[in-house]
Amino acid sequence: AGRVLNVNVGVLGHIDSGKTALARALSTTGSTAAFDRAPQSRARGITLDLGFSCLRTALPPQLGPGPGELQFTLVDCPGHASLIRTIIGGAQIIDLMMLVIDVTKGMQTQSAECLVIGQIACQKMVVVLNKIDLLPEGKRQSAIEKMTKKMQKTLENTKFCGCPIVAVAAKPGGPEAPESENPLGVSELIEVLKSQAYLPSRDPSGHFLMAVDHCFSIKGQGTVMTGTILSGSVSLGDNVEIPALKVTKKVKSMQMFHTPVTYAMQGDRVGICVTQFDPKLLERGLICTPDSLHTIHAAIISLKKIQYFRGALQTKAKFHITVGHETVMGRVLFFGPSPADFNEEIQENVFDFEKDYLYQEEYLSKDSVSSEGNKENDQAGEVQLPKQQWALLEFEKPVTCPKLCLVIGSKLDTDIHANTCRLAFHGILLQGMEDKNYTETFLPKLKVYKLKHKEGQVERVMDDYSVIGRSLFKKETNIQIFVGLKVKLSTGESGIIDGGFGQSGKFKIRIPDGLKPDTKMLLTVASKKKSKGGKGDMTKEDESSKNDSTQPVTISLSFKRYVFDTQKKMIQS
């Protein structure tokens, strides 16, 4: 029999937009996971887990000559806001997305979130306007056209600009209607899906990795794990590891949609049977080539902010981090290229530990730069943003994931009814830290620095080549560690900190090239003025005249310090 090409179609949308009914109307063969099979889901009438089912049709001509079938695996992703974790899990395996919109409601919070996930994880999309049976027949056509225009406008600035928009009624009359009611527009939708189908780039090489979404036992057979292969391939008799449980099992038999097979590869949906394994231990998760995944406590990622997320991304903030198939809490620290590397080309998928990076209090975006209210900067033109930014993620508990996987950060604790996008950033995991003591063993290699700047004043002149300064350090500061650092006087001279002077945090500065005559004069005048006022009983008049004639000479000290340097060394260029 001809070949079967599998294309994974994600069915995403807001709760109650009719995703499950649409998947049911489209599909001809249900897979084990399909259609709200969880008891708690049936009771609530919503899809709780990723349901899967499939639809087979003749191979369209654009996908090559010869007989064959095109199989659409429909991944029915749940729409409940609190279930967004599941959607993100589904989005990683999707080739084509169907965004289901309730034609009577238009875009809703979760439809927007689905759109964001789609942009991150998927290349092509079809918009389905569902429930057209609720529109009165006389006005139906005009209402559909109006909503189509609205959707086109929404998609204008996304990568799905110009994508097909199809109007259907998956279950005319709603869930209570008799089964005899035929769906409207579904055969047209199948034709559109066929026209959008493409040969997804599949690669059987590399490590085997599969996202398992269901696990159940069959009497006399063993335990079956069903899921989608994310990378590599698997054959009968291979060993596979369940990394979360640190167990390895042998593949005893495999099935693809009720047909036994001996081999499956990236993009395929498959059931794998192993023996002596309790299905309760793994409801969903990853299985892989033994030792190919790592369990990490922290990671370096490159990232982009999601434009619909309102609010700044602050260093030290906590986010829900979805990585691999897990979602855990994690703390972030943002950093960018050091100014010298600002215009360098972006290195894809690698992180260079040789370079210096600049610590950031927050992720820099157009919003964050303009919100600081630098009015004078705005006139000067665009503030330059770095081409790439990174973050250090520190997880509250370790996560198991492939190297170079997709990472999504969200604020899932935001009120689910609030009309805001809760997805904050997405990125690629570049480097994971497997050592539990990574703060000692690994972080010191990460050269992220802060620029520090301190200011003080010249107290008085000692001789032509030295002055005494004050107000640069606190009384308790150990001035010894600053000895030898360069400083600059506001009058232009360069100096070197020579050591402390007395007990009150004052210090001595050596001026190798000597003080300029003007500076000396300025300082002599200033100190005479001071002494003239006597001990603290300066008159008002004197005070004002003092301010008028002389500006104090300031001392500035600048250095950089690496955030993860255990010795806290101060470095000057």
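The values are calculated or read from the model by the stated rules, or taken from the named source; none is laboratory data. It should be emphasised that the depicted structure is a prediction, and the values quoted were computed from it without experimental measurement. Glycine gets a Cβ as well: all are built from the backbone with ideal geometry, and neighbour counts include every protein chain shown. The area values use the complete protein model at the heavy-atom level, side chains included, leaving out ligands, DNA and RNA. Shrake-Rupley method; radii C 1.70, N 1.55, O 1.52, S 1.80 Å.
Per-residue packing, averaged as other Cβ atoms within 10 Å, sorts the ranges 442-450, 423-431 into the order 423-431, 442-450, beginning with the highest.
As a test of understanding, state the convex hull volume per residue of the range 209-288 from its alpha carbons, in Å³.
On the way: hull volume 6.1 nm³, N = 80.
Hull volume normalised by residue count: 77 Å³.
Report, in listed order, any pair from LYS159/LYS387; LYS124/LYS219; LYS355/LYS454; LYS150/LYS403; LYS318/LYS475; LYS149/LYS316 with a Cα-Cα distance greater than 31 Å. Going by Cα-Cα distance, LYS124/LYS219; LYS150/LYS403; LYS318/LYS475; LYS149/LYS316 fall outside the 31 Å limit. With the convex hull of its Cα atoms as the shape, the range 259-369 has an orientation-averaged projected area of 11.6 nm².
Packing, as the average of other Cβ atoms within 10 Å across residues, places the peptides 221-227, 112-118, 518-524 in the order 112-118, 221-227, 518-524, highest first.
What number, in nm² with one decimal, is the all-direction average of the projected area of the convex hull of the alpha-carbon atoms of the range 144-261? All intermediate terms of the calculation are to be shown ahead of the outcome.
Details: hull surface 51.0 nm².
Seen from a random direction, the Cα hull of the range 144-261 projects 12.7 nm² on average.
Using a probe of 1.4 Å on the protein chains alone, the accessible area found for LYS146 is around 150 Å². Largest to smallest in accessible area, the residues LYS305, LYS436, LYS19, LYS516 fall in the order LYS436, LYS516, LYS305, LYS19 (1.4 Å probe, all protein chains included). What does the extension gain come out to for LYS569 and GLN314, with contour length at 0.36 nm per residue minus their alpha carbon separation? Full-extension gain reported as 89.2 nm. When you filter the GluC sites (Glu not before Pro) in the range 150-197 for DSSP loop state and at most 15 other Cβ atoms inside 10 Å of their Cβ, you are left with GLU156, GLU176, GLU179, GLU181.
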